[in-house]
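Below is one structure; the comments refer to it alone.
The values are calculated or read from the model by the stated rules, or taken from the named source; none is laboratory data. Just so we're clear, the structure is a prediction, and the values are computed from it rather than from any experiment. Cβ placement follows ideal geometry from the backbone for every residue including glycine, while neighbour counts extend to all protein chains displayed. Protein only, heavy atoms only, side chains kept; ligands, DNA and RNA dropped before computing areas. Shrake-Rupley method; radii C 1.70, N 1.55, O 1.52, S 1.80 Å.
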Amino acid sequence: MDSGQLPLQKEERVILRQIQQRTAKANMDNISRTESYANFYRRHPEIRWSFLASMVSRNAGWNMCDLEGKWMPLTLDAYTRAILFLTYERANWLIFADAYPQLLLYEYSLLHGKPYFHLLPYWRTSPFVQKEWFLFWHERNEQRLLTSLIINEQNVIQKPVMDHPFYKKKVFHSFMFKFQDWLHFSSVIFPTLQGEIFGCSVHDFWNKTKRIELGKKLSLLLFEPSLYPRFLEFSHQVAHTGSRVDYERYMANRNTRDTPFLRITYPVIAHHQSDGNEWRASNRQIKRWFKSAPFPEKANVTEWYKEKQMQLRLLIQLEQYIRHIGKRGK
């Protein structure tokens, strides 16, 4: 946070300090981020992005814990798994560091009855989203704000994660990432207490426009009137642990836990802030990003999910068998 930009009133300095402290505490790990997003949504359901963020953050935690579960260590070495964990963790941290001060400034604005979004530059927030918060304050267009925050956060991680030379080489250009992307093993899912799973698979994750499109589709699915109460029920009743047992225990014939709990698996990671979140895009490009997305086809992915999990395990077992035969042939 850059505190030397503009002269501040005493009240504003207090707000900035409190937001900085609250954000740092809540940005400790994937569990605290997920809980903070969900708790904010309970307080302010008009900010629908916070519910979407909490559910997507759950997925990030499950992906992290997959890396140290029963299956991934059989096919990925410790170094590769560590890099993949840091990729998920870095993106998760950066989005929260950018978004949570925005959410808290909105909360303080409600508390004081006037907008404080002029303070957003202290977190080097993009000019795009600064304008969108003022627009929301006056017009209360919940759908536009939801889409705006989806657009903003995918731009926030583009340069420091997706385009970063280290992550680009070690992760997004790696065979394993391309292989999983091609098979659509990577997916964002929304579970229910009834054992059903809804969601969308992620394809070309490195592509910013496709991630924004995915976010819009996921938001349509999450707030679909017949499904929304079920997703909200899951969010309220199931504490996020990072293990896929969170939802697999509700599925038929899934009584074992294949992935560990996040907080007994990973340490707290100390992050550095990126150069800034002040991304820019042409008005034409932004207009395209605001276009409506179609509702996901085959949104109920319960059987698809089971099949993909089985395929992944069979492929890992096949790889193990080939390695074993190769060692015996030497």
Please give the length that would be gained between Gln158 and Ile286 if that part of the chain were fully extended, namely 0.36 nm times their separation in residues minus their C-alpha to C-alpha distance (nm, one decimal). 44.6 nm
The rounded separation in angstrom of the Cα centers of the stretch 54-106 and the stretch 186-228 is 17
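Ignoring ligands, DNA and RNA, what percent of the 1.4 Å accessible area of the stretch 36-135 is carbon and sulfur? The partial results should precede the final answer.
Values: 1910 of 3060 Å².
That fraction is 62 percent.
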So between Gln20 and Phe134, what do we pick up on full extension, going 0.36 nm a residue minus the alpha carbon distance? 38.9 nm
Equivalent-ellipsoid semi-axes (√(5λ), Cα gyration tensor) for the stretch 1-124, whole Å, largest first? 34, 16, 9
Could you work out how much longer the chain between Leu318 and Glu12 gets when fully extended? Use 0.36 nm per residue separation minus the Cα distance between them, nm to one decimal. 104.1 nm
Stokes-Einstein at 10 °C, 1.306 mPa s, Kirkwood radius from Cα pairs: D for the stretch 15-75 in µm² s⁻¹? 123
Take peptides 235-244, 287-296 and line them up by average Cβ neighbours within 10 Å, highest first, as a rough protection proxy. 235-244, 287-296
